[in-house]
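First comes the structure, then the notes that go with it.
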Amino acid sequence: MKKVTAIYPGSFDPLTNGHLDLIERGSKIFDELIVAILRNPEKLALFSLAERKEMMTAMTERWENVRVDTFDGLMVDYAVRVKASAVLRGIRAISDYEYELQMALMNRKLSPNLETVFMIPAEAYSYLSSRLVREIAQLGGNVDGLVPELVQQRLREKMDPAHKFESWETPRKSRAKKP
Ligand code: PNS
């Protein structure tokens, strides 16, 4: 029987537990799932492409049929290169639908044989987005439960590079505040 390879394209800046939920669901229905991280020079990203790939690779190594890649240019062209016949996208709420429908129909116009498959993440993640995670982290809020521990750690390092060295520095709380 024909093996079905799907790509799960996105910015993943950063990856969230909602993305991982979708990857797990996708890994169960596709023979191979390629998480394809977009290299978009126009969009100012919080994490570099290499950082996003490294985090995604670490968080998806538990699924044997999932691999991580990066791409630029048209997603439909990338799909041809990796011989994918489906594109996985998540729909959290009706508000996602309009944008996703437009993108799916445009991709169908560009590549009629590439099917977009929509999956719904767990309800617990229906309000979760990378944009909100970035905003909360940048404003010092708590993203516990929204992203994996590894991503939390990387967010802390991004916001406060000194955090990386805390284990051998003066404990954070007692550090003198800058004026
Ligand atoms: O995580 P995002 O930002 O919602 O993902 C959007 C993504 C990467 C799927 C979309 O922007 C994309 O496919 N970009 C590649 C360029 C492309 O093919 N554009 C035409 C879309 S119809």
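The values are calculated or read from the model by the stated rules, or taken from the named source; none is laboratory data. For clarity, every value in this text was computed on a predicted model and none was experimentally measured. Please note: Cβ atoms are built from the backbone with ideal geometry, for glycine as well, and neighbour counts cover all protein chains shown. Surface accessibility is based on the protein's heavy atoms, side chains included, excluding ligands, DNA and RNA. Shrake-Rupley method; radii C 1.70, N 1.55, O 1.52, S 1.80 Å.
Using the reciprocal of the averaged 1/r over all distinct C-alpha pairs, how large is the Kirkwood radius of the range 47-153 in Å? Evaluated over the range 47-153, this radius sits at 16.0 Å. Using the structure shown, list the pairs from K83/K158; K28/K53; K109/K158; K3/K158 with a Cα-Cα distance above 32 Å, or answer none. Beyond 32 Å between Cα atoms: K83/K158; K109/K158; K3/K158. To put it simply, the accessible area of the chain at a 1.4 Å probe is 54 percent carbon and sulfur.
Taking the square roots of 5 times each eigenvalue of the Cα gyration tensor of the chain, largest first, gives ellipsoid semi-axes of 33, 16, 15 Å. Between R131 and L110, the contour length at 0.36 nm per residue exceeds the Cα-Cα span by 4.8 nm. The accessible-area ordering, largest first, of the residues L155, L74 stands as L74, L155, per a 1.4 angstrom probe.
Keeping all protein chains in place and using 1.4 angstrom, which order do K53, K83 fall into by accessible surface area, from largest down?
K83, K53
Centre-to-centre, using Cα atoms only, the range 130-155 and the range 22-38 are separated by 23 Å.
Restricting the range 7-97 to GluC sites (Glu not before Pro) that sit in a DSSP loop and have at most 13 other Cβ atoms within 10 Å of their own Cβ leaves E42, E61, E64. Computed over protein heavy atoms with a 1.4 Å probe, the accessible surface of the chain works out to 62 Å² per residue. Taking every Cα-Cα distance in the range 1-84 and sorting them into 5 Å bins starting at zero, the pair-distance distribution P(r) comes out as 3, 15, 28, 24, 19, 8, 2, 1, 0 percent. Test of understanding: extend the Cα→C-beta vector of K158 to 7 Å, then name every residue of the range 66-95 with backbone N under 14 Å from that spot. Those under the cut-off are none; the list is empty.
Here R154 sits with roughly 60 square angstrom of accessible surface, probe radius 1.4 Å. Loop-located chymotrypsin sites (Phe, Trp or Tyr not before Pro) in the range 112-143 (DSSP state not H, G, I, E or B) with no more than 14 neighbouring Cβ atoms inside 10 Å: Y127. Take the Cβ atoms of E149 and I29, set R0 to 25 Å, and the FRET efficiency comes out at 0.35. Label positions at L44 and K2, each projected 7 Å from the Cα along the C-beta direction, are separated by 4.5 nm.
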